[in-house]
Amino acid sequence: GENVEQHPSTLSVQEGDSAVIKCTYSDSASNYFPWYKQELGKRPQLIIDIRSNVGEKKDQRIAVTLNKTAKHFSLHITETQPEDSAVYFCAASETSYDKVIFGPGTSLSVIP
Amino acid sequence: DTGVSQDPRHKITKRGQNVTFRCDPISEHNRLYWYRQTLGQGPEFLTYFQNEAQLEKSRLLSDRFSAERPKGSFSTLEIQRTEQGDSAMYLCASSPTGSGDQPQHFGDGTRLSIL
């Protein structure tokens, strides 16, 4: 079955700097890659997603890149703000409405 | 948009007791998913439904766990003879199916604590 790995497990950046989180997946059948943000005690919330037929997608300060050949995908957050502090999960699935396999998470701290 | 609703938010029970959780998905969503999340980990897939049909169950779902979605709307997850290792956050999510991306929307979860 699918296995998703994620690095780093913790990340601390100064406000205004960029943050990068990297993930790998194992199952070539995966075609949909969502990213979720989870604040302490709250539900995971989708922040951006990408399909395998797209190499890059951007939404304001957030961008994702996907290398399907290498089975790598990454999240980039620019101009970080304290409210970006949370745990971020990468994930993979065959389609957006199949079961989702999550990575172990990255705890991001943005220092004011 | 009422979102995905889960009840109860918290459940504390003694080892060996049975517990049941309820999930109400977003009304037009025909897929419903259950995940389990332990502290410091990502959500782990347990099972999912399309309407009333249970499509897949994870190996994580032992025979003490059962999930139902009898009318294709709300779902229940029951754990029988609870064990310490069942302590976790149980998350429900829902999505529509069809063309285009249909991401899963999560509820706030039910936190289970086994004494």
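Values in this text are rule-based calculations from the coordinates and carry no lab data. Just so you know, these numbers come straight off a predicted model, no measurement behind them. Positions of Cβ are backbone-derived with ideal geometry, glycine not excepted, and every protein chain shown enters the neighbour counts.
Annotations
- Dipole in debye (nearest 20) - chain A, about Cα centre, beta carbon charges: Lys, Arg +1; Asp, Glu -1: 200 debye
- Shielding by partners, peptide B:27-40 (average Cβ within 10 angstrom, other chains): 2
- Sum of side-chain charges, A:Asn67 neighbourhood, beta-carbon under 13 Å (Lys, Arg +1; Asp, Glu -1): +2
- Principal axis extents of the Cα atoms in region A:34-112, from largest to smallest and rounded to whole angstrom, are 37, 25, 19.
- Label-point gap, in nm, between A:Thr69 and B:Phe74 - each point 7 angstrom along Cα→Cβ: 5.2 nm
- Shielding by other protein chains, A:100-111, mean Cβ within 10 Å: 3
- Entries in A:Lys37/A:Lys71; A:Lys42/B:Lys57; A:Lys37/A:Lys57 that, when Cα-Cα distance is taken, lie over 20 Å: A:Lys37/A:Lys71; A:Lys42/B:Lys57
- For residues of B:104-113, the mean tally of beta carbons on other chains within 10 Å: 3
- Once you divide the Cα radius of gyration of chain B by 2.2 N^0.38 Å, the number left is 1.02.
- Put the Cα centre of region B:70-95 next to the Cα centre of region A:38-83 and the gap is 28 Å.
- Kirkwood hydrodynamic radius of the protein assembly as shown, from inverse mean 1/r over distinct Cα pairs, in Å: 18.1 Å
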